[in-house]
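Student: The structure under discussion is supplied below as structure tokens; questions concerning it will follow.
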Amino acid sequence: MMNNDPTTLVQRNIGDIVADNYHAAGVFKEFGIDFCCGGGLPLGEVCERKGINPDQVTLKLSTMPTGGTTVNQKFNLWEPDFLIDYIINNHHTFVRTKTEEILVYAAKVANVHGERHPENIEIYQLFAKLSNELIQHLQDEEQTVFPLIKNIHLQIKNGEEVNEKLANQLRAELDHMIDDHEGAGDIMKEIRSLSNDFTPPADACATYQILYQNLAGFEEDLHQHVHLENNILFKKAETLLSDL
């Protein structure tokens, strides 16, 4: 359970705070704090960089609900294998389905409204780039990273000696995956900026509005997706490796 003492909170990494209580994600979004890709930094340092009064943030955090048994509050308790399956079945499936759908909307809006609203041409190009990179990223995780985590976890559970080559490979892969996540987050931030925080103009047609709604939903899912991997799954993997 999370310690809500303000002095303790400012010293803790953002990702760890959200991992303990996902309600914190809403607080960080309110203050424009990146809790997924930027989750490795202490709250106090992030507030200083962004010119935010940390007392305001910790006050909000200290009043968050702490009870309940929602799925979000159980992620930390799941074993790596189960968490991996959850990520694939929910977030990877979402990415594969939604990227195709959003690209269709983005292409249409860029074609129809691009002359009057040229930012949509760039939004389409950026999302197409993001889509290609994410699909490759998912394959890398499912074919290499996740099997490595599962294999090493199983070897440790069975009391077997872990292959050092596999352990070193996993360490390198985790760094690579985190870099990919940062790149994806940067692209979505650029799309958010170009779209005025996913706010369509007054003359937007239905497709235009649907595109921006879908982009907002995609960003929301990506934040939780990256949070689950960077701040929970990969930390579990790092713990496995540190015990070798």
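Please treat every number below as a calculation from the coordinates, not as lab data. From a predicted model like this one, the values you see are computed outputs, not experimental measurements. Cβ coordinates were reconstructed from backbone atoms using ideal geometry, including for glycine residues, and neighbour counts include every protein chain displayed.
Student: Name the most mobile residue of Asp16, Asp197, Asp34, meaning the one with the largest mean-square fluctuation, in a Gaussian network model of the chain with Cα contacts below 10 Å.
Tutor: In this elastic network of the chain, the residue with the biggest mean-square fluctuation among Asp16, Asp197, Asp34 is Asp197.
Student: Moving on. Tell me, what ³J(HN,Hα) does each residue in segment 118-132 have, in order and in whole Hz, if you take phi through Karplus 6.51 cos²θ - 1.76 cosθ + 1.60 with θ = phi - 60° and put x for Gly and Pro?
Tutor: Result, rounded to whole Hz: x, 4, 6, 5, 5, 4, 4, 4, 5, 5, 4, 5, 4, 4, 4.
Student: Related question: Out of every Cα pair in segment 186-244, what percent are spaced more than 17 Å from each other?
Tutor: Details: 910 of 1711 pairs.
Of all Cα-Cα pairs in segment 186-244, 53 percent lie more than 17 Å apart.
Student: Take the Cα radius of gyration of segment 112-160 and divide it by 2.2 N^0.38 Å, with N its residue count; two decimals is plenty.
Tutor: For segment 112-160, the normalised Cα radius of gyration is 2.07.
Student: Could I ask something else about it? Mind ordering 113-119, 147-153, 202-208 by average Cβ neighbours within 10 Å, highest first?
Tutor: Those peptides, ordered most packed to least, come out 147-153, 113-119, 202-208.
Student: Using a 7 Å offset from Cα along Cα-Cβ at Arg192, what residues in segment 44-60 end up with backbone N under 20 Å from the label point?
Tutor: Residues 44-54, 56-58, 60 fall inside that zone.
Student: Between Thr207 and Gln136, how many nm apart are label points set 7 Å from Cα along the C-beta direction?
Tutor: 2.9
Student: Can you compute 3J(HN,Hα) from phi for each residue in segment 141-148, using the Karplus curve 6.51 cos²θ - 1.76 cosθ + 1.60 with θ = phi - 60°, rounded to whole Hz and x for Gly and Pro?
Tutor: Per-residue couplings from phi come out as 5, 6, 8, 10, 5, 5, x, 4 Hz.
Student: How big is the equivalent ellipsoid of segment 96-244 along its three axes, where each semi-axis is √(5λ) from the Cα gyration tensor, reported in whole Å from largest to smallest?
Tutor: 40, 12, 11
Student: Something else: Spelling out what I want: for every residue of segment 8-15, take phi, set θ = phi - 60°, compute 6.51 cos²θ - 1.76 cosθ + 1.60 (Karplus), and round to whole Hz; glycine and proline get x.
Tutor: The phi angles translate into 6, 4, 5, 8, 8, 5, 4, x Hz.
Student: So for the chain, averaging the separation of alpha carbon pairs under 8 Å that are six or more residues apart and normalising by length, what relative contact order in percent results?
Tutor: Relative contact order of the chain: 26 percent.
Student: On to the next question. If each residue of separation counts as 0.36 nm, what is the full-extension length gain between Gln143 and Lys50 once their alpha-carbon separation is subtracted?
Tutor: Working: separation 93, 0.36 × 93 = 33.48 nm, distance 3.80 nm.
My answer for the length gained is 29.7 nm.
Student: Just subtract the alpha-carbon distance of Gln125 and Arg171 from 0.36 nm times their residue separation and send over the number in nm, one decimal.
Tutor: Taking Gln125 through Arg171 to full extension adds about 13.3 nm, to one decimal.
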